[in-house]
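Take a look at the structure set out below.
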Amino acid sequence: MFKKPAQKYSGKICEVEIGTGEKAIKLGGEAVLPFYGFDGNTGNPPKVGMEISDVYPEDWIEPLKELYKDVSNDTVKWAKFVEEKYNPDFICLRLVSADPNGDDTSPEDCAKKVKEVVEAIKTPLVVAGTGNHEKDAKLFEKVAQAAEGHNVLLMSAVEDNYKTVAAAGVLAYNNKVVAESAVDINLAKQVNILINQLGIDNEKIVANIGCSAGGYGYEYVISTLDRVKLAALTQNDKTLQVPIITPISFETWKVKESVEPESSTPEWGNQEERGISMEVAAAAGVLTSGSDAVILRHPKSVETVRTFVKELLG
């Protein structure tokens, strides 16, 4: 009988644990390419998280707002609702209110909200910032302090603010940090190296190498994921041997295919189904190219992607 020879890999992705107690999760740990169980150890199964916001999600489509209409005005209730009803692997709290171009909520007030949420749930928490690097540095310093003891994942540290975010998040308050770069293997390496140089090892770092919706530079995301995983596993590049998280929902729910009302483009079909399809397609692509965790918004997307992962793992 023919026996396929197993591919040998020289590298392995580090394991990073987030959360505490029985619901804590581990990302990474794989020593082979995604889902290549026939070659060796596939590590921890990819994790699927759900996005919530610290303010009412005004810009979400109506069907999504309807799902959360009873809880979305109260972040703690929303987090508990998602935990109990959908049981995601983790919850991603996006601090939309902190955006300087929006409500510009103070880091202290945001930190208080994070503390309330993390103490109300058992599910691991990922906290996403505003994308404004100056504000995020101040924000994560306070959030990391408020979340001390809960092992949250702070998303994200970039080249402009990594010293503050990573030092406060990991060294001072013992949480974990996401190293974010913009769809380029060299940039991904650079941010990881900078954080390593602060004295933070790979077991406390998760990478976000960037994301996009299908059709919007998506092939760059996939090819970058492929290159990162190949370098980490086949070339034993230790600077890239960290798990990868991809915030799918941040991108797929803002493109026209997901948000254009049916009244404007009836030929495109049901708006909600379009959004789910974009989210699932983008998630499937990044998971099979090397992402260890994805952030989604729609419960049907979560259910579909979970089934997809389970089937591929056999």
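The values are calculated or read from the model by the stated rules, or taken from the named source; none is laboratory data. Keep in mind that what you see is a predicted model, and the values were worked out from it rather than measured. Note that each Cβ is placed from the backbone with ideal geometry, even for glycine, and that neighbours are counted across all protein chains shown.
Looking at Thr224, Thr239, which one is under 17 Å from Pro34 (Cα atoms), surrounded by 15 or more Cβ atoms within 10 Å (Cβ to Cβ), among the hydroxyl-bearing types (Ser, Thr, Tyr) and modelled with pLDDT of 95 or more? If you could, list the steps in order and put the result at the bottom.
Values: Thr239 fails: under 17 Å from Pro34 (Cα atoms).
Answer to the check: Thr224.
List the pairs whose first member sits in segment 241-257 and is touching a residue at least 24 places away in the same chain (Cβ under 8 Å) and within 24 Å of Glu17 (Cβ to Cβ), whose second member is acidic (Asp, Glu) and assigned to a strand (DSSP E or B), and whose Cβ atoms are under 6 Å apart, counting only residues at least 6 apart or on separate chains?
Ser249/Glu51
Condition test on Lys204, is it closer than 30 Å to Lys238 by Cα, under 17 Å from the mean Cα position of the chain (by Cα) and modelled with pLDDT of 95 or more?
So Lys204 passes the test.
For residues that are of a type in the set (Ser, Thr, Tyr), outside any helix (DSSP H, G or I) and in contact with a helix residue (DSSP H, G or I) (Cβ under 9 Å, 6 or more places away or on another chain), tally how many sit in segment 260-305.
2
Against the condition under 18 Å from the mean Cα position of the chain (by Cα) and among the hydrophobic types (A, V, I, L, M, F, W, C), how does Ala232 come out, does it pass?
no
Tell me which of these Asp39 doesn't satisfy, since it passes every other one: (1) free of Cβ contacts under 8 Å to residues at least 60 places away in the same chain; (2) of a type in the set (Asp, Glu); (3) in contact with a Lys or Arg (Cβ under 7 Å, 6 or more places away or on another chain).
Going through the list (1) free of Cβ contacts under 8 Å to residues at least 60 places away in the same chain; (2) of a type in the set (Asp, Glu); (3) in contact with a Lys or Arg (Cβ under 7 Å, 6 or more places away or on another chain), Asp39 breaks only (3).
Do the conditions hold for Thr75, that is, is it among the polar types (S, T, N, Q) and closer than 22 Å to Val16 by Cβ?
Taking the combined requirement at face value, the residue does not satisfy it.
Exactly one of these conditions fails for Pro63: (1) surrounded by fewer than 21 Cβ atoms within 10 Å (Cβ to Cβ); (2) in contact with an Asp or Glu (Cβ under 8 Å, 6 or more places away or on another chain); (3) part of a loop (DSSP other than H, G, I, E, B); (4) not polar (S, T, N, Q). Give me its number.
(3) is the only condition that Pro63 fails.
Does Glu257 qualify as being exposed (fewer than 13 other Cβ atoms within 10 Å of the Cβ) and either among the hydrophobic types (A, V, I, L, M, F, W, C) or not in a loop (DSSP other than H, G, I, E, B) (or both)?
Criteria not met by Glu257.
(1) buried (at least 20 other Cβ atoms within 10 Å of the Cβ); (2) touching an Asp or Glu at 6+ places or on another chain (Cβ under 7 Å): which one isn't true of Thr246, the others all being true?
Answer for Thr246: the failing condition is (2).
Exactly one of these conditions fails for Ala111: (1) loosely packed, with under 15 Cβ neighbours inside 10 Å; (2) assigned to a helix (DSSP H, G or I). Give me its number.
That leaves (1) as the condition not met.
Of the residues that make up segment 52-60, is at least one touching a Phe, Trp or Tyr at 6+ places or on another chain (Cβ under 6 Å) and touching a residue at least 40 places away in the same chain (Cβ under 8 Å)?
Yes, segment 52-60 contains a residue that is touching a Phe, Trp or Tyr at 6+ places or on another chain (Cβ under 6 Å) and touching a residue at least 40 places away in the same chain (Cβ under 8 Å).
Give just the number: which of (1) touching a Cys at 6+ places or on another chain (Cβ under 7 Å); (2) at positive phi; (3) not basic (Lys, Arg) does Gly217 not satisfy?
(1)
Looking at Ala182, Ala213, Ala172, which is the one that is among the hydrophobic types (A, V, I, L, M, F, W, C), farther than 24 Å from Val118 by Cβ, in contact (Cβ under 8 Å) with a residue 12 or more places away in the chain and surrounded by fewer than 21 Cβ atoms within 10 Å (Cβ to Cβ)?
Ala182
Only one of Ile121, Ile205 is more than 21 Å from Ala284 (Cα to Cα), out of contact with any Pro (no Cβ under 7 Å at 6 or more places or on another chain) and surrounded by fewer than 22 Cβ atoms within 10 Å (Cβ to Cβ); which?
Criteria check complete, one pass: Ile121.
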